[in-house]
Amino acid sequence: MSLIQKEVADFHVQAYHGGEFKEVRKEDILGHWSVFFFYPADFTFVCPTELEDLANKYEEFQKIGCEIYSVSCDSHFVHKAWHDASKTIQKIQYPMLADPTGGLARDFDVMIESAGMAERGTFIVNPEGKIVGYEVIAGNVGRNADELLRRVQASQFVAEHGDEVCPAKWQPGAATLKPSLDLVGLL
């Protein structure tokens, strides 16, 4: 079953952000674009490379009005310990959500019940709190922040220009397509 247009369920979780423990709720994601970036666990191998890649692009996500929420089934205390111990993780400026009960992972359908951790899943959520794009990939393959940024930008573009679509490899400012009603039956 597709998760496209699924509304994110109400939630409240602890987070480590800006050197402090904070609570993040569904209300906090409404009104702006969000990316939920699930990863298996803190203190692992592929995860820090992905989180650093996102940290390096975070300012660009912020410029387009998009917040990044990294999420694992670790506690907020473990997030802080990892942040304190790792120069790579110290680069992170976005909220690190703690999901020790797996509630968020289950809502986004990425919970690996037998392992007690989340799949490597990336979700683009619009300002209304609905999923408009997602990808779930094997735990041993890292993701790319450049492509994620491009997909958020494309999602924002089509949300603003409903009669236009973005072709493969579309970049902001590039030509888009305007499907003709005469051709719809031929596609």
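The values are calculated or read from the model by the stated rules, or taken from the named source; none is laboratory data. No experiment lies behind these values; they were computed from the predicted model shown. Note that each Cβ is placed from the backbone with ideal geometry, even for glycine, and that neighbours are counted across all protein chains shown. All accessible areas refer to the heavy atoms of the entire protein, side chains included, with ligands and DNA or RNA removed. Shrake-Rupley method; radii C 1.70, N 1.55, O 1.52, S 1.80 Å.
Quick notes on this structure:
- Scan of the range 66-85 for residues that are polar (S, T, N, Q) and open to solvent by 20 Å² or more (accessible area, probe 1.4 Å), ordered by number: S75
- Looking at the range 72-140, the strands (runs of 3 or more DSSP E) lying wholly inside it that each contain 1 or more residues that are modelled with pLDDT of 95 or more and over 22 Å from N56 (Cα atoms) sit at 131-137.
- When D10, D42 are screened for being farther than 24 Å from A154 by Cβ, touching a residue at least 40 places away in the same chain (Cβ under 8 Å) and acidic (D, E), only D42 passes.
- The set of residues from the range 160-171 being open to solvent by less than 70 Å² (accessible area, probe 1.4 Å) and not charged (D, E, K, R) comprises H161, V165, C166, P167, W170.
- Whenever a residue of the range 124-142 is under 26 Å from F45 (Cα atoms), its partners that are surrounded by fewer than 17 Cβ atoms within 10 Å (Cβ to Cβ), lying with C-beta atoms within less than 6 angstrom and at least six residues away or across chains, give the pairs G142/V46; G142/T49.
- Filtering the range 167-176 to residues that are under 16 Å from G133 (Cβ atoms) and over 20 Å from the mean Cα position of the chain (by Cα) leaves P167, A168.
- Scanning the range 47-65 for residues that are more than 14 Å from the chain's Cα centre (by Cα) and open to solvent by less than 40 Å² (accessible area, probe 1.4 Å) returns a single hit, P48.
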